[in-house]
Amino acid sequence: MDSGVNLQIKGVRDGLLIAVGEGEWPAVLSAILDHIDARLAFFKGARLTLEVGNRVLHAAELGTLRDRLSDRGVTLWAILSSSPVTEQTAQVLGLATRIHAPRPAERERERERERERPASFRPLDTNLEGDNAILVQRTLRSGFRVASHAHIIVLGDVNPGAEVSAGGNIIVWGRLRGNVHAGMDGNENAVVCALELMPTQLRIADMVISLPGRRGKIQPEMLSLRNGQVVIEPWNPKEK
Amino acid sequence: MAAHVVTISSGKGGVGKTTTTANIAVALAMGGQKVACIDADIGLRNLDLILGLENRIVYDLVDVVEGRCRIRQAMIRDKRLPELYLIPSAQTRDKSAVSPSDMVRLCDELRQEVDWILIDSPAGIERGFRNAMAPADMVVVVTNPEVSAVRDADRVIGLVEAEEKGPARLVLNRLNPVMVKRGDMLAPDDVLELLAVELIGIVPEDDTVVVSTNRGQPVAMDAKSRAGQAFQNIARRLKGEQVPFMDLDEKKGVLGWLSRIARAGGD
């Protein structure tokens, strides 16, 4: 490549992934755009994930990139970075910062890399990184909508007529009576938890689940899919 | 004097916004307050009918906003009560004739003159609703004990919260205690559980409301009507008084109903 920036293009479950090598950001930006311009027919309509390594990128840079890409009919939807600053910037712009769990082979490679890493660099095993989630600290009334590719936690009720869509899990600390869609990017392992699980409609991945009139006493419950079957488990502190 | 601007809204149509506005206004005016009602439902003018002031309209809200008259000229004084005024809406125009900032300006001018400004919002959540909401210090949401009205009330309450107009207050209109007792109608507790706002009044379903509406004689003027009493209580709660909720139990409901039939037949 003339600009000397190394770009690796992969197909992932959510679209295309471009892993960016070393280089100054302006050079990288023009390399990406040149690359896409040269293969416009291939990229048109694509959903793009960009892996930028540990680069620190600010909102203006990511915003420009997103706009330039959308000029070309390419949707930028995720930024993968090991820099917390870049991750935060991406989240502010509404971009995802995680994609689906890497395939087993990749995971194996990652583990190998982990093992090769000197012990001093390895974080303590008890420090968990956790996943990204957004917190909504209010009751969602009819007509309100929250959507995120991460997990969503609502501290309040979700009333009928409100919608919550998450790429991951949905947890409602309150009454859930509206429409929820967990694992909207196709994640069948997503779960929905609520203190009162009485949704108008509930979806996990591509499966639409309508719960018949709830019986019995109202209690906190978790709903998940197991082998395509809907499983609702009460949360019983005595059993834990 | 600095008036309280109260907007009465509901989202859904036909739940009794205009009736509630007229009756709260009458009840406040009967209590010696100086009250101005503004009908913000441009194109579907109704408040003048319910107050029985239709034949006295010369200038309307749009005339004031477009500078064809002074605000004083558009204020129709109700002759039955010392200090009740109506600014009617225009019938031949639509919601786009007025902007939210026009409403704010108009209310600011009016604030010095009266104790209460009640704005009757149109149904829906579009332009007319925005106009009615813009000058509000407080929003009263009217709903009926039925799922569609409650759903729309929830939407409006959400919009009121988003506009930071303070927590909305709720009036539950046309409650039928007999049906609630039978389990055929949403009970006040069911409605409140969902909406989670302060309840300032429950108005029982009452035939006298229809009669009084048709006559242009708001039911709050009728001391014997239970709905009228309920509106009187709402007005007192708006003024900050602690008023216990009316006893709506079945026996009284039936007796009241019988006496209403007797009265309607006697007229």
Check every one of the helices (runs of 4 or more DSSP H) wholly within the stretch B:169-238 and list those with 3 or more residues that are surrounded by 18 or more Cβ atoms within 10 Å (Cβ to Cβ) and among the hydrophobic types (A, V, I, L, M, F, W, C).
-> B:188-195, B:226-238
Please indicate, with yes or no, whether at least one residue in the stretch B:173-186 is more than 26 Å from residue B:222 (Cα to Cα), within 12 Å of chain A (Cβ to nearest Cβ) and out of contact with any helix residue (DSSP H, G or I) (no Cβ under 6 Å at 6 or more places or on another chain).
-> no
Which ones in the stretch A:162-216 are open to solvent by 10 Å² or more (accessible area, probe 1.4 Å), touching a residue at least 24 places away in the same chain (Cβ under 8 Å), within 14 Å of chain B (Cβ to nearest Cβ) and in contact with a Phe, Trp or Tyr (Cβ under 9 Å, 6 or more places away or on another chain)?
-> A:195
Are any of the residues in the stretch B:171-184 modelled with pLDDT of 95 or more and within 11 Å of residue B:11 (Cβ to Cβ)?
-> no
Filter the stretch B:156-172 down to residues that are more than 10 Å from chain A (Cβ to nearest Cβ), of a type in the set (A, V, I, L, M) and more than 24 Å from residue B:210 (Cα to Cα), then give me how many there are.
-> 1
Mind checking whether some residue in the stretch A:210-229 is of a type in the set (Val, Ile, Thr) and in a strand (DSSP E or B)?
-> no
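Per-residue answers, yes or no, for (1) open to solvent by 80 Å² or more (accessible area, probe 1.4 Å); (2) part of a helix (DSSP H, G or I):
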position	(1), (2)
B:59	no, no
B:62	no, yes
B:67	no, no
B:85	no, no
B:93	yes, no
Return yes or no: is residue A:107 of a type in the set (Lys, Arg), over 30 Å from residue A:37 (Cα atoms) and either modelled with pLDDT of 80 or more or open to solvent by less than 60 Å² (accessible area, probe 1.4 Å) (or both)?
-> no
Starting from residues that are aliphatic (A, V, I, L, M) and more than 13 Å from the chain's Cα centre (by Cα), keep the ones in the stretch B:36-55 and report whichever is surrounded by the most Cβ atoms within 10 Å (Cβ to Cβ).
-> B:42
When only residues in the stretch A:129-153 that are part of a strand (DSSP E or B) and either acidic (Asp, Glu) or away from every other protein chain (no Cβ under 14 Å) (or both) count, which is most open to solvent (accessible area, probe 1.4 Å)?
-> A:135
Out of all the residues in the stretch A:32-51, which are exposed (fewer than 14 other Cβ atoms within 10 Å of the Cβ) and not small (Gly, Ala, Ser)?
-> A:37, A:39, A:40, A:42, A:44
Quick one: what pairs do we get from the stretch B:137-152, first residue within 13 Å of another protein chain (Cβ to nearest Cβ) and within 10 Å of residue B:170 (Cβ to Cβ), second acidic (Asp, Glu) and open to solvent by less than 10 Å² (accessible area, probe 1.4 Å), C-beta under 7 Å, 6+ apart or different chains?
-> none
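The values are calculated or read from the model by the stated rules, or taken from the named source; none is laboratory data. Not measured: the values here are computed from a predicted model. When we count neighbours, we look across all protein chains shown, and the Cβ atoms used for this are built from the backbone with ideal geometry, even at glycine. Only protein heavy atoms, including side chains, enter the accessible area calculation; ligands, DNA and RNA are left aside. Shrake-Rupley method; radii C 1.70, N 1.55, O 1.52, S 1.80 Å.
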